[in-house]
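Enquirer: Please find one structure pasted underneath; my questions will follow.
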Amino acid sequence: MEIMVKLTALLLLIQVSLGEEYVSELCREELSAAINKFGIDIYMKISASHPGENVFFSPISITTALSMLMLGAKGKTKSQMEEVLYTTDLKSCLHETYQFFEKNLYGSEGGPVLESANRLYPDQTLDVIDSFEEDIAKYYNASVQKLDYKDSDASRRTINDWVSQQTNRMIQNVLQEGSIDQNTVMVLINAIYFKGNWLNQFDISDTSVESFITETGEEINVNMMYQEDLFYHYYDNDLKAQFLELPYEVGKNDGSVDIRMVIILPDEDFAITELEKELTDENLAKALDELQYWPTPTYLHVPRFDFKEKYQLHSILEEMGMDELFSASVNLNGFSTDPRVDVSTVIHEAAVVVNENGSEASAVTVIGGGRSGYIPDPATVECDRPFLFLIREVKEVVSGWSTKTIPGPILFFGKVSVPEKTKNPKCNGKKLRRCRENCRPKCFEANKKFPSPRNKCPSWVGLMKKYKKCKAVCRQKQCVQNC
């Protein structure tokens, strides 16, 4: 499956009223936790204000743009931003850690493509403090381009063209006509782009038309992808939800970034809204940590999806406690000495495409070892109803005979309420599934009984070889060939 994550852009539209340093592992873990906690907070706000709709955004894009602006914030404005972003205790290493991310998270060679770009567009008449420009260049690798906002249409086209280029044309018009005008004096942008191929791609011949019940109760036909493989899988009794991890291909060199998607599917009798009520950053972190201990043979059904979402975030950020930033008393004296400068708009747009090959996503913000000796029964993860998903960076650390997964920041977070609809089904999905159900589990159970000769216990590698052989054997059955 190819996943394309489009650029997320956060635009901070500020209008007038007329060498790598050492960063500790602790700082990186604490900033990742802060980004993830903020991500849960803002997800709840966005989902509540868009009931029954798809949700998609980039927590790291939004926090990066706001942290850049925080370099120029003073007093109450700065303290509120720190509280909302959960970075009050990171004052000594906040920007240095973002600098580490810029150099080590983005632009690695091999494996998935993950790129980030930052740019400041001040008006040619605005006096930006030199130290601010120097700091955003040092910590965030941000470039600066002055514009003449008196010609607002030309300025808008310049910004949109840059965003389009950084997001591989996934986001082409983040600024609509009228978004900026002659009173605009600065636009601050973070853009992030991701594209990765699944480590184990879905076979398109296994994709069939199946029904999906949307959040509003509508039954629609979707292209349901299907795969049988060994995945990290965990069931959380408190959240009444299954967690399943889909890894992307990782490059062969040491610097390649390790990125994974996690699907969070609530029980059939537990609505997505109930899951949202129970979900917190603490129980999410616990479930994600448990994932690394449970490699499980899994029957996975997940629909293709492709959508783009755009949010005006200033009112949401105000509700979260960042009201000083959008008030007349805002203190941005570290950015400019002009007392008339304030922040009027925060725009975030993100897009995602998930199919058999992988994912592609982008966003823009303007401002393992298993437990040996135990073979679990196959799990079924059937995403035929609304589910959550996230795309995150992780790092595996080998300690003795075990491997520990260190969580990184959540790059993208979303909810699939209404996947892509499909027309004119070429294959009856129910018949195909009945064929699978009659063949593959029986084949798997038969093969599961044969132990490996060394320790009289089935090995994971040997088991999955037999398991995949079942898939090939069953594909030859006439009921599958008919599809």
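Enquirer: Out of the residues in segment 58-106 that are in contact with a strand residue (DSSP E or B) (Cβ under 6 Å, 6 or more places away or on another chain) and not aliphatic (A, V, I, L, M), state the one that is nearest to Asp258 (Cα to Cα).
Expert: Restricting to residues being in contact with a strand residue (DSSP E or B) (Cβ under 6 Å, 6 or more places away or on another chain) and not aliphatic (A, V, I, L, M), the top hit is Tyr106.
Enquirer: Here is a further query. In this structure, does Lys76 turn out to be among the basic types (Lys, Arg) and under 25 Å from Glu25 (Cα atoms)? Walk me through it before giving the result.
Expert: On the way: among the basic types (Lys, Arg): yes; under 25 Å from Glu25 (Cα atoms): no.
No: the conditions fail for Lys76.
Enquirer: On to the next question. Kindly indicate which of Asp281, Asp306 is farther than 20 Å from Pro407 by Cβ, surrounded by fewer than 18 Cβ atoms within 10 Å (Cβ to Cβ), assigned by TED's automatic domain parsing to the domain that holds Glu53 and under 18 Å from the mean Cα position of the chain (by Cα). Full working, then the answer.
Expert: Values: Asp281 fails: farther than 20 Å from Pro407 by Cβ.
From the options Asp281, Asp306, the qualifying one is Asp306.
Enquirer: Which of the residues spanning segment 1-55 are of a type in the set (Ser, Thr, Tyr), at pLDDT 95 or above and touching a helix residue (DSSP H, G or I) at 6+ places or on another chain (Cβ under 7 Å)?
Expert: Across segment 1-55, the qualifying residue is only Ser47.
Enquirer: Could you say whether any residue in segment 100-114 is over 17 Å from Val364 (Cβ atoms), crowded, with 17+ Cβ neighbours inside 10 Å and over 23 Å from the mean Cα position of the chain (by Cα)?
Expert: no
Enquirer: Checking the conditions here, which among Val174, Val185 is in contact with a Lys or Arg (Cβ under 9 Å, 6 or more places away or on another chain), farther than 24 Å from Ala363 by Cβ and crowded, with 23+ Cβ neighbours inside 10 Å? Reasoning before the result, please.
Expert: Numbers: Val174 fails: farther than 24 Å from Ala363 by Cβ.
Matching residue, one of Val174, Val185: Val185.
Enquirer: Which condition from (1) in a loop (DSSP other than H, G, I, E, B); (2) surrounded by 22 or more Cβ atoms within 10 Å (Cβ to Cβ) is the one that Leu66 breaks?
Expert: Only one criterion in (1) in a loop (DSSP other than H, G, I, E, B); (2) surrounded by 22 or more Cβ atoms within 10 Å (Cβ to Cβ) is unmet by Leu66, namely (1).
The values are calculated or read from the model by the stated rules, or taken from the named source; none is laboratory data. The model shown is predicted, which means the values in this text are computed figures rather than measured ones. Glycine gets a Cβ as well: all are built from the backbone with ideal geometry, and neighbour counts include every protein chain shown.
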